[in-house]
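Asks: Sharing a structure here in structure tokens format.
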Amino acid sequence: MIALDTNILARFYVDDPADPEAEKQRPIAHRLLTETKQVFVPITVVLELEWVLRAFYGFAADDFGRVVHHLLGLANVTVEEWARVTDALALHKDGLDFADALHLLASSGCTEFMSFDDRRFARRAKRLGLTPVVVVPVR
């Protein structure tokens, strides 16, 4: 089994004609994902992929969702904690930041999730009835 980094997945899912390396790397990424018997994608790579696709390539939440659902559907690909990734995608679609959704889901055994400057996250998590409760500590 081989593990893949974010840049391999980004090359597989994004055709970037403005990047001269893409022409060389995209076929390799395609081969790795379609011809390798067993591929592992760490949850941290999925998290970073969301950031790259959103911040660098302008992907919307639905576009990222389609990418991850495709990735999860590949028979030769194992995504670490795929159930949590799927749950985080659902929360992302409901308006939660994908990283925040993963963080909150990973903290399910806790009573509170503290975040200094993320009132938006706290409001959305409360609106969605999520636990643990997101708290923005004040003085």
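The values are calculated or read from the model by the stated rules, or taken from the named source; none is laboratory data. For clarity, every value in this text was computed on a predicted model and none was experimentally measured. All Cβ positions, glycine included, derive from the backbone under ideal geometry; neighbour counts span all protein chains shown. The protein model used for the area step is the full one, side chains on, heavy atoms only, and it has no ligands, DNA or RNA in it. Shrake-Rupley method; radii C 1.70, N 1.55, O 1.52, S 1.80 Å.
Asks: Please work out if Lys93 is in contact with a strand residue (DSSP E or B) (Cβ under 8 Å, 6 or more places away or on another chain) and among the basic types (Lys, Arg).
Replies: In short, no.
Asks: Which pairs turn up if I take residues in region 1-26 that are more than 17 Å from Asn76 (Cβ to Cβ) and free of Cβ contacts under 8 Å to residues at least 12 places away in the same chain and look for partners that are in a loop (DSSP other than H, G, I, E, B) and not basic (Lys, Arg) with beta carbon separation below 9 Å, at least 6 apart in sequence or on another chain?
Replies: Short answer, once both residue conditions are applied: Ala22/Val14; Ala22/Asp15; Ala22/Asp16; Glu23/Pro17.
Asks: Just wondering, is there one or more residues in region 20-35 that are farther than 15 Å from Ile8 by Cα and at pLDDT 95 or above?
Replies: No; the residues of region 20-35 include none that is farther than 15 Å from Ile8 by Cα and at pLDDT 95 or above.
Asks: Further question on the same structure: Which residues, taken from region 1-31, are surrounded by 17 or more Cβ atoms within 10 Å (Cβ to Cβ) and either of a type in the set (D, E, K, R) or farther than 19 Å from Phe59 by Cβ (or both)?
Replies: Selection gives Arg11, Arg26.
Asks: For region 118-139, what are the residues that are in a loop (DSSP other than H, G, I, E, B), farther than 16 Å from Leu102 by Cβ and either open to solvent by 70 Å² or more (accessible area, probe 1.4 Å) or touching a residue at least 24 places away in the same chain (Cβ under 8 Å) (or both)?
Replies: Val138, Arg139
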